[in-house]
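The values are calculated or read from the model by the stated rules, or taken from the named source; none is laboratory data. This one's a predicted model, so the numbers in the text were calculated from it and none came from an experiment. Cβ placement follows ideal geometry from the backbone for every residue including glycine, while neighbour counts extend to all protein chains displayed. Please note that ligands, DNA and RNA were not included when accessible areas were found on the heavy atoms of the full protein model with its side chains. Shrake-Rupley method; radii C 1.70, N 1.55, O 1.52, S 1.80 Å.
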Amino acid sequence: LKFRPDFVYFVTIATTTCPAMPAHLSRTESLVLSCAVDTAGVHVETAEAAAARELTLFDLGIDAAGVRELAALLCENFPLPAAGAPLLSDLLLTGPSVATIARHIEVQLNAPKTAEPRARAKYSAPPSASPSSRSSVLALASVCAFALATPAAAAAVYAPDQLGFELDDLGCIKDFDSAVDYFPASRRAIFTNGLSLVPKDEQYAEDFSIDYYKTYKIVRNLRACPTLPCSVGLYVLHHCGAPRQFDGLPDYAVNASVFTVPVHSWATSDTTAISFAESLNVGHEAALTDISYVSSSCFQRRYGCGALPDAAGWSEAYGEKLAELNVELNLKATSFCTQDRPIDVCFDATSDPGMLHRVEWVKFVAAFFNKEPLANAVFQGIEQRFLAVMSAVLAAREGGGAPPVCAFVSKSWYNDFRVNRAVYKLEALTSAGGLPLSAASITPHCNITGAPYADANTHVCATTEQFKEVLKQVDILFDDNYPADGYPAYTLADFKEAFNLTRDDPNDYPFLKAKTLYRLDGSISKPKSNYGNDWFESAVMHADKVLADLATVITPEAEIDLAAFPHQHSFVRNLALGEMPYLIGASDCDDAYSVCPGETPPSKPKREVELNYCTDKICMISQPPPPPPVILASDWQPLANEAGWKPCTKAVSHVRRLALNVAGALWGPSGAKHSADDDDN
């Protein structure tokens, strides 16, 4: 059980009758707590109403099965409207407090009985209401049954809270009111690696933070700005339409760079940032880039027709064009990040340690566009697909043999041989079902220290003979070598020549014998004279696809549907089998807003405000699923037959009478009595 240090109470595991509830609880709170402790099978001893209200389902030890049982109890004890039942079931999945559950129920009890649930969170779209011709109790019964029977379908769903203010077409505040919080929970980034809650101290990413205030937010790159105060890596994002004043601004942020958000014009010379922006549907708003190694098909399209200016990121021309084009945001890689211009922002996703850590930087980028709720949803989708691949791999590995030994290797510009054990690569290999080559297996052969551009996770071999001893231990090898003549020209023969294996017997190397030699240049581009590798641009953002691609070659028996991933280009190709990379071009662009001069993009609707789904300060990411259909008396028999139910011939008369009651919505006192009388049948 989880205990809160600011409350004093005792929980004793027991199977006793429900105790008397603490005084000063409302009737709703008392009944919720009574149902909860009854479900948990515990005895709660506390005389403090405040402590009782703050007890959560986690405190009581209620698991997923218990949540379904508790939802059924609450559905029986409260005459909720039809729309309230699925919302209640979803709320319970987050393990909320007694007070939160009670508040939610009271809101539902006071809601108009004829109102239909809102389908999605649209800014300034009022809930529609239409009369219902069906019995509310009948609808409630079927909705409760559906939600409890299929908890997987009950994705995190809450009715969205009303913003209470209006934004114009550019996303700026109309009719500013100093009393309004313009960054409420429904518009914030949600950081969590478990429940979809608002608390921002639970997140994957370790190298950035976001703090929200009424009219501004403070974004901090913790790698560029490790200690406060700092001159680089700290940004104040002011909501357009609000006065340019910052009530409550911390002293450490007084000299931070200030941006007015949402920005509508951005630039980058770092290809990694492109895939993050495109995931937020703002790729077409890029005003400048260094196209040299870009893989994005839409960037190539706009560059090819003159709609997207290009300049080398290190050149003076790049800075001049930033000013000429009135660019509002310039995303820079931290390794090259200096605060040369007020619009420069250090973007450091590649330095965060884990794969999902890196993906979560989409929320960092989203903060500059006020698109945090969209970023929450994008991240959640990637996280779920990532975890699904891991589950498929684990299922395939159950009862199987030893996992294959895997490694990433390369030959550096200094003609030494290297084995890379970066944290994210070890995570990728392990999650895909492989066994990374251990440091203990490498060190006896490759132990050079102080080599240029070699960190603690890179093992450097001085000679070919030492390196070959390492290679002989590897079942699946990933060649990270950079080809001097371009990616398409790099073949198995080039690999053997680079690593001095041309005259060696392939049978001495497990990965050559089994033809399991791979490269991470499965998708490339050639926007100008150089080749770009989509791995460097898209792999960080699309960690789910990276893991899926690796799992299909490391654990081929795992059931993974590659068509289910939004990023369709493969990162991996089999060099031993002669597979060639796919060349991404402008014709692959499917963004209708990435237009060329003379083309007219589709008319944009008024800029919508994506929202999280929140109750109080507990927020969920997913859009509500459509409400389940109401099952009428005439519909239940085919469903029962399909489910394998057998007719009960001895109670036909009772079933008919109950069916008449249900179909006629006769759930008054007499109908309830008939139902009670028929329970035994």
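Test ALA439 against the criterion of being modelled with pLDDT under 95, in contact with a strand residue (DSSP E or B) (Cβ under 6 Å, 6 or more places away or on another chain) and open to solvent by less than 60 Å² (accessible area, probe 1.4 Å), and give yes or no. Explain how you work it out, then say what you get.
Details: modelled with pLDDT under 95: yes; in contact with a strand residue (DSSP E or B) (Cβ under 6 Å, 6 or more places away or on another chain): no; open to solvent by less than 60 Å² (accessible area, probe 1.4 Å): yes.
The answer is no for ALA439.
Just to be sure I understand the filter: pairs with C-beta atoms under 9 Å, separated by 6 or more residues or on different chains, first member in the stretch 154-178 and among the β-branched types (Val, Ile, Thr), second member outside any loop (DSSP other than H, G, I, E, B) and at pLDDT below 80. Which pairs pass?
Qualifying pairs under 9 Å: VAL157/PRO86; VAL157/LEU87; VAL157/SER89; VAL157/ASP90; VAL157/LEU91; VAL157/TYR613; VAL157/MET620.
Quick check: is even one residue across the stretch 320-337 under 19 Å from ALA277 (Cα atoms), in a helix (DSSP H, G or I), open to solvent by 30 Å² or more (accessible area, probe 1.4 Å) and out of contact with any Gly (no Cβ under 9 Å at 6 or more places or on another chain)?
Within the stretch 320-337, none of the residues are under 19 Å from ALA277 (Cα atoms), in a helix (DSSP H, G or I), open to solvent by 30 Å² or more (accessible area, probe 1.4 Å) and out of contact with any Gly (no Cβ under 9 Å at 6 or more places or on another chain).
When HIS445 is evaluated against the numbered criteria (1) more than 28 Å from GLN384 (Cα to Cα); (2) out of contact with any helix residue (DSSP H, G or I) (no Cβ under 7 Å at 6 or more places or on another chain); (3) without any contact (Cβ under 8 Å) to a residue 60 or more places away in the chain, which criterion, by number, is the only one it fails?
Unmet condition: (2).
Filter the stretch 503-521 down to the residues that are among the hydroxyl-bearing types (Ser, Thr, Tyr) and free of Cβ contacts under 8 Å to residues at least 60 places away in the same chain, then identify the one that is surrounded by the most Cβ atoms within 10 Å (Cβ to Cβ).
TYR518
All but one of (1) touching a strand residue (DSSP E or B) at 6+ places or on another chain (Cβ under 6 Å); (2) open to solvent by 50 Å² or more (accessible area, probe 1.4 Å) hold for ALA395; which doesn't?
Here ALA395 clears every test but (1).
Considering every residue within the stretch 380-390, establish whether at least one is farther than 27 Å from ASP211 by Cβ and more than 18 Å from the chain's Cα centre (by Cα).
No.
Determine which member of the set LYS411, LYS371, LYS425 is of a type in the set (D, E, K, R) and closer than 23 Å to GLY283 by Cα.
The conditions single out LYS371.
Yes or no: the stretch 194-209 includes at least one residue that is within 17 Å of the chain's Cα centre (by Cα), among the basic types (Lys, Arg) and at pLDDT below 70.
There is at least one residue in the stretch 194-209 that is within 17 Å of the chain's Cα centre (by Cα), among the basic types (Lys, Arg) and at pLDDT below 70.
Going by what's in this entry, would GLU599 be described as farther than 30 Å from GLY164 by Cα, open to solvent by 20 Å² or more (accessible area, probe 1.4 Å) and either touching a helix residue (DSSP H, G or I) at 6+ places or on another chain (Cβ under 8 Å) or at pLDDT below 95 (or both)?
Judged against the criteria, GLU599 is a match.
What residue, among those in the stretch 236-258 that are under 19 Å from CYS172 (Cβ atoms) and part of a strand (DSSP E or B), is most open to solvent (accessible area, probe 1.4 Å)?
VAL258
Which of the residues belonging to the stretch 259-277 are within 30 Å of TYR531 (Cα to Cα) and buried (at least 21 other Cβ atoms within 10 Å of the Cβ)?
TRP266, ALA267, THR268, SER269, ASP270, THR271, THR272, ALA273, ILE274, SER275, PHE276, ALA277
Residue by residue through the stretch 566-581, note down the ones that are under 17 Å from GLY486 (Cα atoms) and buried (at least 18 other Cβ atoms within 10 Å of the Cβ).
Across the stretch 566-581, the qualifying residues are PHE571, VAL572, ARG573, LEU575, PRO581.
Of the conditions (1) outside any helix (DSSP H, G or I); (2) open to solvent by 20 Å² or more (accessible area, probe 1.4 Å); (3) of a type in the set (Val, Ile, Thr), ILE524 clears all except one; give me its number.
(2)
From the residues in the stretch 264-285 that are part of a helix (DSSP H, G or I) and hydrophobic (A, V, I, L, M, F, W, C), which one is nearest to the chain's Cα centre (by Cα)?
PHE276
Do you know which residues across the stretch 442-456 are of a type outside the set (Val, Ile, Thr), at pLDDT below 90 and surrounded by fewer than 14 Cβ atoms within 10 Å (Cβ to Cβ)?
ASN447, GLY450, PRO452, TYR453, ASP455, ALA456
Being free of Cβ contacts under 8 Å to residues at least 60 places away in the same chain and under 27 Å from VAL282 (Cα atoms) is the filter here; which residues of the stretch 568-589 pass it?
Selection gives GLN568, HIS569, SER570, PHE571.
Given (1) small (Gly, Ala, Ser); (2) modelled with pLDDT under 95; (3) outside any helix (DSSP H, G or I), where does ALA576 come up short, assuming only one miss?
So ALA576 meets the others, but not (2).
Please go through the stretch 484-497 and pick out each residue that is part of a loop (DSSP other than H, G, I, E, B) and either surrounded by fewer than 18 Cβ atoms within 10 Å (Cβ to Cβ) or acidic (Asp, Glu) (or both).
Step one: filter the stretch 484-497 for residues part of a loop (DSSP other than H, G, I, E, B), giving 484-491.
Within the stretch 484-497, ALA484, ASP485, GLY486, PRO488, ALA489, THR491 meet the criteria.
Given the conditions (1) farther than 30 Å from SER292 by Cβ; (2) open to solvent by less than 20 Å² (accessible area, probe 1.4 Å), and given that ASN500 satisfies all but one, which numbered condition is not satisfied?
The one condition ASN500 does not meet is (2).
Within the stretch 457-482, which residues are open to solvent by 10 Å² or more (accessible area, probe 1.4 Å) and without any contact (Cβ under 8 Å) to a residue 60 or more places away in the chain?
Across the stretch 457-482, the qualifying residues are ASN457, THR458, HIS459, ALA462, THR463, THR464, GLU465, GLN466, LYS468, GLU469, LYS472.
Given the structure, is PRO581 in contact with a Ser or Thr (Cβ under 7 Å, 6 or more places away or on another chain) and farther than 30 Å from GLU398 by Cα?
It is true that PRO581 is in contact with a Ser or Thr (Cβ under 7 Å, 6 or more places away or on another chain) and farther than 30 Å from GLU398 by Cα.
Scan (1) open to solvent by less than 20 Å² (accessible area, probe 1.4 Å); (2) at pLDDT below 95 for the single condition ARG223 breaks and write down its number.
(1)
Filter the stretch 402-419 down to residues that are open to solvent by 60 Å² or more (accessible area, probe 1.4 Å) and either over 14 Å from ALA498 (Cα atoms) or modelled with pLDDT of 95 or more (or both), then give me how many there are.
1
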